[in-house]
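Remarks on the structure that follows.
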Amino acid sequence: MSTLADPLDLAAKAFWAQHPDVRDEAFARMRAEKPVFWSGPAESDLLPPEENVNGFWSLTKHADIQFASRNPKIFSSAQGITMEDFSPEMTEIAQSFIAMDAPRHTQLRGITMDAFKPGNMRKLESWVRGHARDLIDEMAHLGSGDFVELVAEPMPGRIFGSFFGLKPEHHQETIRAAQDLLSWTDPDVTGGVEPLEHFANCVMTLRLTAAELAEERRADPGEDLMTWLVEAEWEGERMTDDEIGAFFVLLAVAANDTTRHASAGAVHAFTRFADQRALLVEDVEGRGEGAVEEVLRYVSPLLHMRRTAIQDVEVRGQQIKAGDKVVLWYCSGNRDEEVFDHPYDLDILRDNRRHQAFGGGGPHFCLGNAVARTTLKSLLSEIYTRIPDISAPEPDFLVANFINGIKHLPATWTPEAR
Ligand code: HEM
């Protein structure tokens, strides 16, 4: 990995290997000095150098991220959603409607949206809480261990498995692929496999599972999301097998990785801000929801999404041309001093309704936000009632420019008596 000659070089892999606090300082400088910031092509593992020629604009202010998110006729999602470019084939098979514009986006999101409506989410609450309780039951007596391995990783995996009705023989391989897919930048995760091959392997594992599940549910419907997907119609149209496969990949990744890193980030944050942990422990049920929102703001589990300008536009006096890539940095919007007082502090009592962890609003706003919120609330409730002194000061951070991740989180706590 190259060393970082310029501290604001977002395109360099070395930038993303730095501690998140150092990255925060760079974003603070951009917000203050050059909030619409130009970078050269992102150092890429996925495209050969001759094809990796596009630089990108960064939006670092909360208001600009909101503006771009809510104006899809200017800022398109259809040409890719990451600062690094993927080949169009990869985008098609792996990203589903998150990388589409209306009308196709509206149609496919519409087919799936009912499954995520608040009434259904309320039904989920009790079994999500059950999964959280089971996991804490399994680890509370230990007194120490890697929080990622014990809780953060299995929790979203179990929820996703039940949601889709995954069979036990598929479960482990599918969840592993979902959780590793976005980590092509970290050699510890790819284990020596070329990044593009790693990415393609994960996608193929997920698509094969989806194809098998879809066939089974057509023949023998159940009460899971796959049954919903094979049966759902939107304006007389059903999803094709290819569309179901791509949606399965999108959801597997969107649901697993983000929630995993949000919960590990929460335990780390409450270790750093012991006063906030004390406030939460004092009234876990009453302060749990505020704590979840603040953790989402503070951690920003998804660092960015990208758009592409499809017409010339001016943002804060900076001309952006049609065809330019524009990256929306949620991690920076969530630290914008104009919106949040003392943005670097965790403060579970603050008014944090405007955080951008689920995006800046608009048509792509996170479809699974209610599932994520319910999962995090259940986990925080179980953890901070049963093992309230859990402490995890030294995370091993993932090297990645898309996910704000923690690979391992060694933790200690007073063991619960059995
Ligand atoms: C802490 C957890 C999560 C975070 C931080 C998160 C964040 C995000 C963000 C930032 C976006 C893009 C918003 C935009 O481009 O405007 C997004 C989209 C999406 N998320 Fe989440 N997400 C989380 C959990 C989940 C879960 C649990 C699911 C599913 C069960 C999910 C499903 C989706 C889907 C399907 C989209 C694409 C929506 C569209 O393009 O219309 N997410 N999420």
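The values are calculated or read from the model by the stated rules, or taken from the named source; none is laboratory data. It should be emphasised that the depicted structure is a prediction, and the values quoted were computed from it without experimental measurement. As a convention, Cβ positions derive from the backbone with ideal geometry for all residues, glycine included, and neighbour counts pool all protein chains shown. We work out accessible area using only protein heavy atoms, side chains counted, and drop any ligands, DNA or RNA first. Shrake-Rupley method; radii C 1.70, N 1.55, O 1.52, S 1.80 Å.
Each residue in the stretch 293-312 was checked for being in a loop (DSSP other than H, G, I, E, B) and closer than 20 Å to residue 355 by Cα, and 3 of them qualify.
Out of all the residues in the stretch 167-180, is one or more modelled with pLDDT under 95, open to solvent by 60 Å² or more (accessible area, probe 1.4 Å) and closer than 20 Å to residue 89 by Cβ? For the stretch 167-180, residues modelled with pLDDT under 95, open to solvent by 60 Å² or more (accessible area, probe 1.4 Å) and closer than 20 Å to residue 89 by Cβ: absent. At least 3 residues being within 16 Å of the ligand (Cβ to nearest atom) and either crowded, with 17+ Cβ neighbours inside 10 Å or of a type outside the set (Lys, Arg) (or both) is the threshold, and among the helices (runs of 4 or more DSSP H) wholly inside the stretch 213-292 those reaching it are 225-231, 241-272.
Please go through the stretch 43-70 and give me each residue that is among the hydrophobic types (A, V, I, L, M, F, W, C) and modelled with pLDDT of 95 or more, ordered by number. Talk me through it step by step, then tell me what you get.
Here is the first cut: in the stretch 43-70, the ones among the hydrophobic types (A, V, I, L, M, F, W, C) are 46-47, 53, 56-57, 59, 63, 65, 67-68.
Matches in the stretch 43-70: 56, 57, 59, 63, 65, 67, 68.
Scan 88, 118, 103 and give me the residue that is within 16 Å of the ligand (Cβ to nearest atom), open to solvent by 30 Å² or more (accessible area, probe 1.4 Å) and free of Cβ contacts under 8 Å to residues at least 40 places away in the same chain.
Details: 88 fails: within 16 Å of the ligand (Cβ to nearest atom); 118 fails: free of Cβ contacts under 8 Å to residues at least 40 places away in the same chain.
The conditions single out 103.
Residue-by-condition table, conditions (1) under 19 Å from the mean Cα position of the chain (by Cα); (2) more than 22 Å from residue 266 (Cβ to Cβ):
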site	(1), (2)
313	no, yes
318	no, yes
337	no, yes
340	no, no
354	yes, no
374	yes, no
389	no, no
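A Cβ distance below 7 Å, combined with a sequence gap of six or more or placement on separate chains, defines the contacts here; from the stretch 194-206, residues that are within 13 Å of residue 94 (Cβ to Cβ) reach residues that are of a type in the set (Ser, Thr, Tyr) and open to solvent by less than 20 Å² (accessible area, probe 1.4 Å) in the pairs 198/190; 205/174; 206/174.
Mind telling me which of the residues 111, 74 ends up being farther than 29 Å from residue 159 by Cα and of a type in the set (Val, Ile, Thr)? Working first, answer last.
Working: 111 fails: farther than 29 Å from residue 159 by Cα.
Residue meeting the stated conditions: 74.
Restricting attention to the stretch 385-395, does a residue exist that is part of a loop (DSSP other than H, G, I, E, B) and under 23 Å from residue 86 (Cβ atoms)?
As a first pass, look at the stretch 385-395 and keep what is part of a loop (DSSP other than H, G, I, E, B): 387-390, 392-395.
Now drop any that are not under 23 Å from residue 86 (Cβ atoms), which leaves none.
No, there is no match, as no residue in the stretch 385-395 is part of a loop (DSSP other than H, G, I, E, B) and under 23 Å from residue 86 (Cβ atoms).
Residue 404 meets each of the listed conditions (1) open to solvent by 20 Å² or more (accessible area, probe 1.4 Å); (2) farther than 28 Å from residue 58 by Cα apart from (2).
Check 27, 37 and return the single one that is among the aromatic types (Phe, Trp, Tyr), assigned to a helix (DSSP H, G or I) and buried (at least 17 other Cβ atoms within 10 Å of the Cβ). So that I can check it myself, show each step before the final result.
Details: 37 fails: assigned to a helix (DSSP H, G or I).
The conditions single out 27.
Say whether the condition of being out of contact with any Cys (no Cβ under 7 Å at 6 or more places or on another chain), part of a helix (DSSP H, G or I) and not β-branched (Val, Ile, Thr) is met by at least one residue in the stretch 351-371. Scanning the stretch 351-371, I find at least one residue that is out of contact with any Cys (no Cβ under 7 Å at 6 or more places or on another chain), part of a helix (DSSP H, G or I) and not β-branched (Val, Ile, Thr), so the answer is yes. Among the residues of the stretch 40-57, the ones that are touching a helix residue (DSSP H, G or I) at 6+ places or on another chain (Cβ under 7 Å), in contact (Cβ under 8 Å) with a residue 60 or more places away in the chain and crowded, with 19+ Cβ neighbours inside 10 Å come to 1 in all.
Given the criteria touching a helix residue (DSSP H, G or I) at 6+ places or on another chain (Cβ under 8 Å), outside any helix (DSSP H, G or I) and within 15 Å of the ligand (Cβ to nearest atom), does residue 206 qualify? No, not satisfied.
One residue alone among 241, 220, 257, 224 is under 30 Å from residue 147 (Cβ atoms) and either more than 22 Å from the chain's Cα centre (by Cα) or at pLDDT 95 or above (or both), and that residue is 224. Residues that are in a strand (DSSP E or B), crowded, with 21+ Cβ neighbours inside 10 Å and of a type outside the set (Phe, Trp, Tyr) within the stretch 313-333 comprise 320, 325, 326, 327, 328, listed in sequence order.
So, residue 309, is that one at pLDDT 95 or above, touching a Phe, Trp or Tyr at 6+ places or on another chain (Cβ under 7 Å) and surrounded by fewer than 24 Cβ atoms within 10 Å (Cβ to Cβ) or not? Please lay out each step first, then the result.
On the way: at pLDDT 95 or above: yes; touching a Phe, Trp or Tyr at 6+ places or on another chain (Cβ under 7 Å): yes; surrounded by fewer than 24 Cβ atoms within 10 Å (Cβ to Cβ): yes.
For residue 309, the condition - at pLDDT 95 or above, touching a Phe, Trp or Tyr at 6+ places or on another chain (Cβ under 7 Å) and surrounded by fewer than 24 Cβ atoms within 10 Å (Cβ to Cβ) - is met.
Of the residues 149, 125, 153, 194, the single one that is among the acidic types (Asp, Glu), open to solvent by 20 Å² or more (accessible area, probe 1.4 Å) and either over 28 Å from residue 392 (Cα atoms) or touching a His at 6+ places or on another chain (Cβ under 6 Å) (or both) is 194.
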